Amino acid sequence: MPKTQKLLVDGGALFTSSFVHTPVCCPSRAETLTGRYLHNLKTPGVCTTPYDGFDPVTGGACCMHVEEDKVHDASFAAKLKRAGYATGMFQRMFGKYLNFCPGDCGDECSGAPIPEAFDAYLANGGGHYFGPSFAVKNVDGLDDGTYDAPADAYTTSVVGNYSAAWIESVKAGAAPFLAYVAPKAAHDPFQPAAWYADAWDDAWPAGAPRPPSFNLSKAARRLHHPTVAAMGAITDDVASCIDDDFKDRWRTLMSVDDLVAGIFDALGDALEDTFVFYTSDHGYSLGELNLNWDKRHVYDFDTRVHLVARGPGVRPGAVVDAPFVTNVDLAPTFLDLAGVDAGDDVDGRSFAPWLRNATVPWRDEVFVDS
């Protein structure tokens, strides 16, 4: 991702020790949005299945045990809107919000009202890489309701283009704005855009990394979690599939790289007064401990994520070694930078001082809520 490297890593701060608490889609994004741990986003006896749907008792929307009603009004977007930004703040959710997504977009949307936190909204629960459907609210050029993109439309490009267009439309206004942009990539089934389908350079890796944890013997895994201990050896065929997945995931991120560059182009001079953050909701397994794909486990390769930030006062090229910055710290940090009180209902803390080269007391351990 050379464009992202130049614009965000070289132009901002790179955190070397960033993690998520629950390495799977919806719970992790719910924690990011609210700054709360998973166990504080659900009630015992409610949303008891790991699947998306409506709880039979409360009737509320659930995604992977998360009570979505505990997210919508407690998100950093909702708090920013309720603060001094209320009537003038433009907020947008582009891409993947929660798995059982509010709005109307087919099977991956709940049909529930779109959260008031977002003045404009183009979102789904993940959708397809090609020909995605989105729930829509107040997006220029689209009718409210459902937008079925053309069959050959690539989801990352759709999300990126509408995000950039919206930023162009609001950046000159007097009110500050928030754009929350969440593309599907690099989620399975790892389908790159047609123009990157066969892209590869001889200088790039020939396949997935082979760390010491790759394809361990059964004896070496015997004391690990039963899921890991029971895994078989990685055969040559499986290793080849892992390498193919690695390459296609890389190719999907080439479109994300374009999206990031498009956001910066749209910001233009407004970049001087704008904070930009780039991170993910979980890591991924590609043969480590014989886990040939997916996430969900408590190991470093599933819980460690990238985190880079750029904005006023952030020294270009800075490397931040703050231990155990996590995704529940994002919401209080965003609110702190905006001068808004995060309230007493967050579990994370602001790492804004680290962005400005200050050292503050910090945690020296982190738990995984899985």
So I have (1) 216; (2) 193; (3) 150, and one of them is volume of the Cα convex hull per residue in Å³ calculated from this model. Which one is it? (3)
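Given the DSSP H assignment, sum -39500 (n - 2.57) over each helix run of at least 4 residues in the chain and divide by its residue total; what's the result at 222 nm in deg cm²/dmol, nearest 500? Let's see the in-between values first.
Numbers: 9 runs with 89 residues, N = 370.
So the calculated ellipticity at 222 nm is -7000 deg cm²/dmol.
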Looking only at Ala151, Ala322, Ala331, which one moves most when the chain is put into a Gaussian network model with springs between Cα atoms under 10 Å? Ala151
Lysine-lysine proximity count for the chain, Cα under 18 Å, sequence distance 8 or more or distinct chains: 12
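Summing Lys, Arg as +1 and Asp, Glu as -1, what charge do residues with Cβ under 15 Å from the Cβ of His297 carry, His297 excluded? Numbers along the way, then the final one.
On the way: positive: Arg221, Lys295, Arg296, Arg304; negative: Asp281, Glu288, Asp294, Asp300, Asp302, Asp369.
After counting each charged neighbour, the total is -2.
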Placing +1 on the Cβ of each Lys and Arg and -1 on the Cβ of each Asp and Glu in the range 1-124, which of Thr58, Thr22, Leu98 has its Cα farthest towards the positive end of the resulting dipole? Thr22
Of the candidates Pro50, Pro226, Pro102, which one comes out as most mobile in a Gaussian network treatment of the chain with C-alpha springs shorter than 10 Å? Pro226
In the range 35-161, with Lys and Arg counted as +1 and Asp and Glu as -1 at Cβ, which of these residues, Asn124, Ile114, Phe76, has the Cα nearest the positive end of the dipole, that is, farthest along it? Phe76
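What is the gain in length, in nm to one decimal, between Asp148 and Glu365 on full extension, counting 0.36 nm per residue of separation less the C-alpha to C-alpha distance?
Result for the pair: 73.6 nm of gain on full extension.
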Using Cα-only point scatterers and the Debye equation, what is log10 of I(q)/I(0) for the range 235-370 at each q in 0.17, 0.18 Å⁻¹, rounded to two decimals? -1.10, -1.17
Measure off, as a whole percent, the carbon and sulfur share of the 1.4 Å-probe accessible area of the range 192-272, all protein chains present. 56
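Provide the percentage of antiparallel DSSP beta bridges, counting only those with both residues in the chain; round to the nearest 5. Walk me through the numbers before you get to the answer.
Working: 20 of 37 bridges.
Looking only at bridges with both residues in the chain, the antiparallel portion is about 55 percent.
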Over the chain, what is the mean sequence separation of C-alpha contacts under 8 Å (at least six apart), divided by residue count, expressed as relative contact order in percent? 26
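The values are calculated or read from the model by the stated rules, or taken from the named source; none is laboratory data. Just so it is clear, the structure is predicted and the values come from calculations on it, not from any experiment. Neighbour counts run over all protein chains shown; Cβ positions are idealised from the backbone, glycine included. The area values use the complete protein model at the heavy-atom level, side chains included, leaving out ligands, DNA and RNA. Shrake-Rupley method; radii C 1.70, N 1.55, O 1.52, S 1.80 Å.
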